[in-house]
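Engineer: Encoded as C-alpha cells, here's the structure I'll be asking about.
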Amino acid sequence: MIHHRQTIGTHVYLVDELDSTNKELLENADNYEHGAVCCAKKQTAGRGRYQRNWRSQEGGLYFSVLLKNQKDISSIYPFVLLSALAVVRNIQSCATQGVAIKWPNDVYINHRKVCGILAESATIGKSTNIVIGIGINVNNSISNASDLRHPAVSLKECRGEEVDLIPLLDRLIDELDKLHTDKLEGKFSGYLPELNRLLYAKGQEVEVSSAGETRTITPLSFTEEAKLLCMENEKETLLFLGEM
Ligand code: BTN
C-alpha cells in the first residue's frame, strides 16, 4: 500500500557525509521544509545525548526529522517516544524476540543497544524548531567495540545478513509520518498498551541516565504525557524527557 505522507518525509535529503544530520537541520532550518528528513551515509561528528559522540561509520542509518515552529518542547515528547516505536516496528523482521524500548528512548535487542534517539531544539524569536535524530546500527559492526558505554549490536549482527538501508529508511519515514498524524489527532494514548508491552526492564531494577546522572529505577509504565512512571528509592516517581 502506498502511504501518502502528510508531514514527515514529504521532502527527503540523502547525502554522502555530514558532521551531524541533527546539526544540519537545526542550524539551517530556513533551508528546509517542515517535516524534512535529512539522512547521511556517514557522520563525522555524530551527536549522542549528553554531548556524547555517536559512532557513525558507513553501514548504519543516520537521519533526522525537522519540526518547525513548535510551541513548546514538552508537547513533542510523545512523538519522540513514538519514534522509538516506529523503529521497533520496523526492525522486528531482524529480531523477533527481545526488542524493547529503554528509557528514555533507546531501542534494545536482547540487552544490547541497536538505536539511539536525540531530540534537540533551537529557539529563534518566538519560534522553536525541533529536530529528532535517529541512529540505528544496521550493517555496521559494533558488537565487539570496546569503547562503548552500553553493549551494542547491529541489525546485521542479529540477522546474520545485510539489511537494505533505503527501503528501511522509507518504511521508517512512512511509519513516523503516520504516528505523527495520529499524535496530532490526539491518539497518543492508543499506543500506550503497545509501548508498555515494549518497556525495557519493567518491574526490575535498572540503571538509566536522566538529566546527565545515572539513577537506579524500577520502570512501571509510560503515561499519557510520555513520562515514565517508576519506583525510585521505594517511592513512585515520574521521569520525563526534560533535557533536550
Ligand atoms: C543517543 O543514544 O545518545 C542518541 C544518538 C542519536 C544519534 C543520531 S544519528 C542521526 C542524528 N544525528 C546526530 O548527530 N545524532 C542523531
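The values are calculated or read from the model by the stated rules, or taken from the named source; none is laboratory data. Computed from a predicted structure; not experimentally measured. So basically every Cβ, Gly included, is an ideal-geometry build from the backbone, and we count neighbours across all protein chains shown. Heavy atoms of the whole protein, side chains included, go into the accessibility calculation; ligands, DNA and RNA do not. Shrake-Rupley method; radii C 1.70, N 1.55, O 1.52, S 1.80 Å.
Engineer: Being open to solvent by less than 30 Å² (accessible area, probe 1.4 Å), of a type in the set (Val, Ile, Thr) and in contact with a strand residue (DSSP E or B) (Cβ under 6 Å, 6 or more places away or on another chain) narrows it down to one residue among Thr214, Thr218; which is it?
Structural biologist: Sole residue among the options that is open to solvent by less than 30 Å² (accessible area, probe 1.4 Å), of a type in the set (Val, Ile, Thr) and in contact with a strand residue (DSSP E or B) (Cβ under 6 Å, 6 or more places away or on another chain): Thr218.
Yes/no per residue for (1) among the β-branched types (Val, Ile, Thr); (2) open to solvent by 10 Å² or more (accessible area, probe 1.4 Å); (3) assigned to a strand (DSSP E or B); (4) modelled with pLDDT under 95:
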{"site": "Ile134", "(1), (2), (3), (4)": "yes, no, yes, no"}
{"site": "Arg149", "(1), (2), (3), (4)": "no, yes, no, yes"}
{"site": "Arg171", "(1), (2), (3), (4)": "no, yes, no, no"}
{"site": "Asp174", "(1), (2), (3), (4)": "no, yes, no, no"}
{"site": "Leu179", "(1), (2), (3), (4)": "no, no, no, no"}
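Engineer: Sticking with this structure for a sec: Go through the residues of region 223-244 one by one and say whether even a single one is in contact (Cβ under 8 Å) with a residue 12 or more places away in the chain, among the aromatic types (Phe, Trp, Tyr), open to solvent by 60 Å² or more (accessible area, probe 1.4 Å) and at negative phi.
Structural biologist: Yes, region 223-244 has at least one match.
Engineer: Please list, ordered by residue number, the strands (runs of 3 or more DSSP E) wholly in region 13-110 having 3 or more residues that are away from the ligand (no atom under 13 Å from the Cβ).
Structural biologist: 61-70
Engineer: Could you look through region 117-132, keep only residues that are β-branched (Val, Ile, Thr) and surrounded by 17 or more Cβ atoms within 10 Å (Cβ to Cβ), and pick out the one that is farthest from the ligand (Cβ to nearest atom)?
Structural biologist: Filtering first and then ranking leaves Thr128.
Engineer: Do you know which residues across region 86-112 are closer than 26 Å to Thr216 by Cα and polar (S, T, N, Q)?
Structural biologist: Correct list: Gln97, Asn105, Asn110.
Residue-wise test of (1) under 13 Å from the mean Cα position of the chain (by Cα); (2) more than 26 Å from Gly186 (Cα to Cα); (3) open to solvent by 50 Å² or more (accessible area, probe 1.4 Å).
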{"site": "Gln6", "(1), (2), (3)": "no, no, yes"}
{"site": "Tyr32", "(1), (2), (3)": "no, yes, no"}
{"site": "Tyr50", "(1), (2), (3)": "no, yes, yes"}
{"site": "Asn90", "(1), (2), (3)": "yes, no, no"}
{"site": "Ala95", "(1), (2), (3)": "no, yes, no"}
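Engineer: How about region 13-26: which of its residues are surrounded by fewer than 21 Cβ atoms within 10 Å (Cβ to Cβ) and either within 21 Å of Arg171 (Cβ to Cβ) or free of Cβ contacts under 8 Å to residues at least 60 places away in the same chain (or both)?
Structural biologist: Tyr13, Leu14, Val15, Asp16, Glu17, Asp19, Lys23
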